[in-house]
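Chemist: Have a look at this one.
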Amino acid sequence: MPPRIPLPALRIPGTLHHARPLLSRPSHMPIPQHHLHSTLNQEEISHFDSLAQTWWDPHGESRMLHLMNPTRVRLILDHLAPSLVEGTEPLKGKRILDVGCGGGVLSESLARLGATVQGLDGSPMAIKVAKGHARRSPELMDGRLDYVNSTTEKLVLEKPTKQYSVITAMEILEHVDNPSLFLSHLTSLLAPNGYLFLSTISRTPLSYLLTIFAAEHLLRMVPVGTHSWKKYINPEELRGWFEAREEMDVVEVRGVIYVPWEGKWRTMHPGEKWAEGCNYFLVARKKGAAEPQVEVQA
């Protein structure tokens, strides 16, 4: 008989049903400069630095990221360019900040669709890889794609008036310290009428089973240590954070599930709560200035 391979023990955290929400209620006041503490977690940065060289390997440790990318792009296009015409640049004229861009998988996709994209990441190795990969495509070197090794708080501090029509923060919220402050940075960098696209993971028994026990330890689909269950944020917590801000509207929340027999991710319909138990998208929009009333001469 073949030798038995020991399986990792399923150790669900004891605080699973009693974990406190990570998001504090947002303040409606501007962010004071002395409160711009770093949301960067150095352990997380070191972890992703070590993975940087494999970022563009679609069969390597970033495989699930590559598989999810078409789903993320489709979600963005559904809101920004619903009448997509084949062969056009539907995002032309959009100024996008891709926060937590990593090696540039999403940033490049958005730039190829016509957007002017700035990729932002706290990992110097990831930014080095992103710049190196972009140089292989001359069409991306016309000024439409730029990468910066920095943080949202530094961007807010150094360029307080700079704003973007679109901000993406995909699979990053569960890796930062002080997520409430991080979200405040994002909303301050978002222009009126601008869209914010987020993806993250719910803090549920299902998410622990799928993203840590199965994906990290059992199937080795992602490196061990990539996720920390206690940093996951539930959809109702994230929605509540935005609903407490007068200038923000939640457009929709959608669960996204990986279908292994299809080898791809599938975005579910809004309102399907069962699908929000693990990975999910949240789309928010910043309210614009009131339209000026035009006085009509009699």
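The values are calculated or read from the model by the stated rules, or taken from the named source; none is laboratory data. None of these values were measured; they are calculated from a predicted model. We place every Cβ from the backbone using ideal geometry, glycine too, and count neighbours over all the protein chains shown. We work out accessible area using only protein heavy atoms, side chains counted, and drop any ligands, DNA or RNA first. Shrake-Rupley method; radii C 1.70, N 1.55, O 1.52, S 1.80 Å.
Chemist: Going by average Cβ neighbours within 10 Å, how do the peptides 262-270, 109-117 rank, with the highest at the top?
Modeler: Ranking the peptides 262-270, 109-117 by packing returns 109-117, 262-270.
Chemist: 7 Å from Cα along Cα→Cβ at both LEU157 and ALA191: what's the point-to-point distance in nm?
Modeler: 2.6 nm
Chemist: A follow-up question, please. In Å², what does the accessible area per residue of the range 42-286 work out to with a 1.4 Å probe?
Modeler: Result: 42 Å² of accessible area for each residue.
Chemist: So how much slack lies between VAL148 and LEU219, counting 0.36 nm per residue of separation and subtracting their Cα-Cα distance, in nm?
Modeler: Length gained, VAL148 through LEU219: 22.2 nm.
Chemist: Using 7 Å Cα-to-Cβ label points, what is the GLU262/HIS79 separation (nm, one decimal)?
Modeler: 2.2 nm
Chemist: Okay, moving on. Can you compute 3J(HN,Hα) from phi for each residue in the range 268-275, using the Karplus curve 6.51 cos²θ - 1.76 cosθ + 1.60 with θ = phi - 60°, rounded to whole Hz and x for Gly and Pro?
Modeler: 8, 6, x, x, 7, 4, 4, 7
Chemist: Further question: Quantify, in whole percent, the carbon and sulfur part of the accessible surface of the range 42-286 (1.4 Å probe; protein heavy atoms only).
Modeler: 54 percent
Chemist: Right, something else. If the cut-off is 30 Å between C-alpha atoms, which lysines fall inside it for LYS131, apart from same-chain ones fewer than 8 positions away?
Modeler: Within reach: LYS92, LYS94, LYS154, LYS159, LYS162, LYS231, LYS264.
Chemist: Report relative contact order for the range 103-183 in percent, whole number only (criteria: Cα-Cα under 8 Å, sequence separation at least 6).
Modeler: 29 percent
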